[in-house]
Amino acid sequence: MSLLSATPHQPAVTEREARQVAEAAREQDWRKPSFAKELFLGRFRLDLIHPHPMPPDEDVQRGEEFLTKLRDFCETKVDSALIDREARIPDETINGLKELGALGMKIDTKYGGLGLTQVYYNKALALVGSANPALGALLSAHQSIGVPQPLKLFGTQEQRDIFLPRCARTDISAFLLTEPDVGSDPARLATSAVPDGDDYVLDGVKLWTTNGVVADLLVVMARVPKSEGHKGGITAFVVETASEGVTVENRNAFMGLRGLENGVTRLHQVRVPAANRIGPEGAGLKIALTTLNTGRLSLPAMCVGAGKWCLKIAREWSSVREQWGKPVAFHEAVGAKISFIAATTFALEAVLDLSSQMADENRNDIRIEAALAKLYGSEMAWLMADELVQIRGGRGFETADSLAARGERAVPAEQVLRDLRINRIFEGSTEIMHLLIAREAVDAHLSVAGDLIDPDKSLSDKAKAGANAGVFYAKWLPKLVAGAGQLPRSYGDFHPAGHVDLSGHLRYVERSARKLARSTFYAMSRWQGRMETKQGFLGRIVDIGAELFAMSAACVRAELLRTTGDHGREAYQLADAFCSQSRVRVEELFGRLWSNTDDLDRKVVKGVLGGAYTWLEEGVVDPSGEGPWIADATPGPSERENVHRPIR
């Protein structure tokens, strides 16, 4: 197998070695039940999510009180147009959030934080993100993946006592993993942390450091070399940005989120006390992935906020804009878009609140649910914003400033579209999320039959795996033949008198879950060790699971709202609309599992990279500038001005 390209200071790793590093970082065990895991195995465990879990009253009261203060701040102190225009969040805005305690929303009150639940933390992010997504990104990066969350999960008591009070009120934190030539393949991580007495000496360059330009504290992932007394491996450290040798070399600029304080950070001979190491050596990637299990919920929170705003603008605009004698909302072509936005916003909020409440209760393993929420939220929010731009027509493409200059309402639809685009890349791109979720979805199969398709396993290992697989599949496969989804009266609780019938949608989910599991088993039998290369197929499997999860969450939320007397009838209507739309997408995805252009696409790609179609590129000019595709990240002293800008 060929080596991946590597610069002199960067580890050269094979595809297999890279896979082993990623596999070692996974949580290997399932100690708690998982609704989504069961769904991919063909088991519709409605009992794990229904009745909908509810937060304690005191958590609700504390959360609502903070949201009231936060809403007033967002309405009176946040100028989103100014942030987008000047590509910077004013210091006074960030300081105002500090005074509110927004830096410590997820930090326990004993460290000076607000101690909000995941549910209310997400509601706060949705609110802030609707005021300006760059503000939401700042708070999310600080608390969801920055210093507070890893320390909460893996830090020592001393580390928590030292750093969490700072993070709760004054200090902004950032998470540094990505490097100029290292994205979702951490096996090639080049930043080093060499032990030296009671310290580690860090050298390397980190890219796309959200909050890095203004951060006071950093979580840095670096590779410790294996040596006597040192296990080595990728390791997490808390680093003071003010340390000698830390240089923010560039503040990056983007299509959207123009207020984002994202940069390039160089570490040269940075001394970090061993006391600042988070967890043991070699645990860095596991810490990062575990942190993201719930940290990923912050991103769909802001997607929900965007959906709510898109619905508001679509409703207001489509009721006053007339074409051919009636409001455009009543023309079917536009009405279908409004229905999609309304139904999808309802479902996204259902997915988010359900996953968040399960995270708060800590009864279920939600690693797949959180990943699905991130994947589905980012994709659907982008579609909703795109549809809003289409509904607005030329005004959707026009900037808010331009609209205001000629006397119309300054609706920033094009800004929202720009701001939302990064969510399909942030914290694991859609393509990487497909692979990550697919790996978890087939975990049960690999646990019993993985050795059968591993070329490095001995014949005796394969024989043992074959016996174990035979026992597992003899029990599992017959259960995929029939189920509650084929019984007309199943899930009757979801067909109350006077409401639309949602029970049929849940029966569809149950049948589809079994079909999904059968499809996965058939694919594994057909492709065996080549299964991991079938990324198109795996992506569709995951997308089907995401739709089924969203349908389940939407129905459970509708029933919750009905039983609490809060817009129950309307919630049932929205859940019915969403499930009906979702079923169309699921059927298309099932069809594309086996009828697609994947093989043909691979041939075309070989032709493109082999130069067979360069003639097709003729007739244009390339406005790109000069320079390497990937910037040099050779360790060494910085030769650039430090643009680090702490906010006080």
Within segment 493-515, restricting to residues that are small (Gly, Ala, Ser) and modelled with pLDDT of 95 or more, the one that is farthest from Glu588 (Cα to Cα) is Ser503
Here the qualifying pairs (Cβ atoms under 6 Å; residues six or more apart or on different chains; first in segment 101-121 and open to solvent by 10 Å² or more (accessible area, probe 1.4 Å); second in a helix (DSSP H, G or I) and β-branched (Val, Ile, Thr)) come out as Gly115/Thr109
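Okay, residues lined up against (1) small (Gly, Ala, Ser); (2) over 15 Å from Phe578 (Cβ atoms); (3) in contact with a strand residue (DSSP E or B) (Cβ under 9 Å, 6 or more places away or on another chain):
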position	(1), (2), (3)
Ala306	yes, yes, no
Ser318	yes, yes, yes
Ser356	yes, yes, no
Lys374	no, yes, no
Notebook entry, point to check: Is segment 575-594 home to any residue that is over 30 Å from Ala554 (Cβ atoms) and in contact (Cβ under 8 Å) with a residue 60 or more places away in the chain?
Noted result: no
Within segment 459-503, residues being basic (Lys, Arg), part of a helix (DSSP H, G or I) and within 22 Å of Gly42 (Cβ to Cβ) number 2
Flagged in segment 226-243 as without any contact (Cβ under 8 Å) to a residue 60 or more places away in the chain and part of a loop (DSSP other than H, G, I, E, B), in numbering order, are Lys226, Glu228, Gly229, Lys231, Gly232, Ser243
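Let me confirm something: among Gly307, Gly263, which residue is of a type outside the set (Phe, Trp, Tyr), crowded, with 24+ Cβ neighbours inside 10 Å and farther than 25 Å from Ile437 by Cβ?
Going through Gly307, Gly263 in turn, the sole match is Gly263.
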Residue set Asp185, Asp196, Asp161; condition at pLDDT below 95 and open to solvent by 10 Å² or more (accessible area, probe 1.4 Å); output residue Asp185
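Results for (1) hydrophobic (A, V, I, L, M, F, W, C); (2) modelled with pLDDT under 95; (3) over 21 Å from Ile425 (Cβ atoms), shown as yes or no for each residue.
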{"position": "Glu228", "(1), (2), (3)": "no, yes, yes"}
{"position": "Phe237", "(1), (2), (3)": "yes, no, yes"}
{"position": "Ala242", "(1), (2), (3)": "yes, no, yes"}
{"position": "Arg251", "(1), (2), (3)": "no, no, no"}
The residue that is modelled with the lowest pLDDT, considering only those in segment 521-561 that are more than 18 Å from the chain's Cα centre (by Cα) and aromatic (Phe, Trp, Tyr), is Trp527
* Asked: Is there a residue in segment 374-392 that is under 24 Å from Asp59 (Cβ atoms) and surrounded by 21 or more Cβ atoms within 10 Å (Cβ to Cβ)?
  -> yes
Selection over segment 46-65 where residues are closer than 25 Å to Ala513 by Cβ, assigned to a loop (DSSP other than H, G, I, E, B) and open to solvent by 80 Å² or more (accessible area, probe 1.4 Å) yields a count of 1
Residues in segment 320-379 that are of a type outside the set (Phe, Trp, Tyr), over 15 Å from the mean Cα position of the chain (by Cα) and farther than 20 Å from Ala124 by Cβ total 27
- Message: Residues that are among the hydroxyl-bearing types (Ser, Thr, Tyr) and in contact with a Ser or Thr (Cβ under 9 Å, 6 or more places away or on another chain): does segment 449-464 have at least one?
- Response: no
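Would you mind stating whether Ser525 is in contact with a Cys (Cβ under 9 Å, 6 or more places away or on another chain) and surrounded by fewer than 19 Cβ atoms within 10 Å (Cβ to Cβ)?
Working: in contact with a Cys (Cβ under 9 Å, 6 or more places away or on another chain): no; surrounded by fewer than 19 Cβ atoms within 10 Å (Cβ to Cβ): yes.
So Ser525 fails the test.
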Scanning segment 614-648 for residues that are open to solvent by less than 80 Å² (accessible area, probe 1.4 Å), under 28 Å from Asp203 (Cα atoms) and without any contact (Cβ under 8 Å) to a residue 40 or more places away in the chain gives Gly627
Pairing a residue in segment 86-99 that is open to solvent by less than 40 Å² (accessible area, probe 1.4 Å) with any residue that is in a loop (DSSP other than H, G, I, E, B) and charged (D, E, K, R), where Cβ atoms lie under 6 Å and the two sit 6 or more apart in sequence or on different chains, gives Ala87/Arg258
When every residue in segment 19-38 that is of a type in the set (Lys, Arg) and modelled with pLDDT of 75 or more is compared, the one surrounded by the fewest Cβ atoms within 10 Å (Cβ to Cβ) is Arg31
Subset of segment 435-462, residues open to solvent by 30 Å² or more (accessible area, probe 1.4 Å) and either under 28 Å from Ala81 (Cα atoms) or at pLDDT 85 or above (or both), comes to Leu435, Leu436, Arg439
**Prompt:** Being acidic (Asp, Glu), modelled with pLDDT of 95 or more and surrounded by 18 or more Cβ atoms within 10 Å (Cβ to Cβ), is that true of even one residue in segment 204-216?
**Reply:** yes
Within segment 164-181, residues being β-branched (Val, Ile, Thr) and free of Cβ contacts under 8 Å to residues at least 60 places away in the same chain number 1
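Restricted to segment 570-596, and to residues that are polar (S, T, N, Q) and touching a helix residue (DSSP H, G or I) at 6+ places or on another chain (Cβ under 9 Å), which residue is least open to solvent (accessible area, probe 1.4 Å)? So that I can check it myself, show each step before the final result.
Step one: of segment 570-596, the residues polar (S, T, N, Q) are 573, 580-582, 595-596.
Next, from what is left, pick out any that are touching a helix residue (DSSP H, G or I) at 6+ places or on another chain (Cβ under 9 Å): 573, 580-582, 596.
Values: Gln573: 100, Ser580: 53, Gln581: 44, Ser582: 0, Asn596: 63 Å².
In this case the residue turns out to be Ser582.
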Scanning segment 463-493 for residues that are hydrophobic (A, V, I, L, M, F, W, C), within 30 Å of Arg557 (Cβ to Cβ) and over 33 Å from the mean Cα position of the chain (by Cα), the one most open to solvent (accessible area, probe 1.4 Å) turns out to be Leu487
Okay, helices (runs of 4 or more DSSP H) sitting entirely in segment 285-399 with 2 or more residues that are of a type in the set (S, T, N, Q), I get 298-320, 332-361, 367-392
Counting only residues that are open to solvent by less than 30 Å² (accessible area, probe 1.4 Å) and either assigned to a loop (DSSP other than H, G, I, E, B) or acidic (Asp, Glu) (or both), segment 266-283 contains a total of 3
Against the definition (open to solvent by 20 Å² or more (accessible area, probe 1.4 Å), touching a residue at least 12 places away in the same chain (Cβ under 8 Å), touching a Lys or Arg at 6+ places or on another chain (Cβ under 9 Å) and more than 17 Å from Ala236 (Cα to Cα)), how does Pro133 come out, yes or no? no
Within segment 66-85, the residues that are among the aliphatic types (A, V, I, L, M), closer than 14 Å to Leu135 by Cα and surrounded by fewer than 18 Cβ atoms within 10 Å (Cβ to Cβ) are Ala81, Leu82
(message) Condition check: over 27 Å from Ile544 (Cα atoms) and either open to solvent by less than 40 Å² (accessible area, probe 1.4 Å) or touching a strand residue (DSSP E or B) at 6+ places or on another chain (Cβ under 7 Å) (or both). Does Ala400 satisfy that?
(response) yes
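The values are calculated or read from the model by the stated rules, or taken from the named source; none is laboratory data. Every value quoted in this text rests on a predicted model; they were computed, and no experiment measured them. Neighbour counts run over all protein chains shown; Cβ positions are idealised from the backbone, glycine included. Side chains are part of the model used for accessible areas, which takes the heavy atoms of the whole protein and leaves out ligands, DNA and RNA. Shrake-Rupley method; radii C 1.70, N 1.55, O 1.52, S 1.80 Å.
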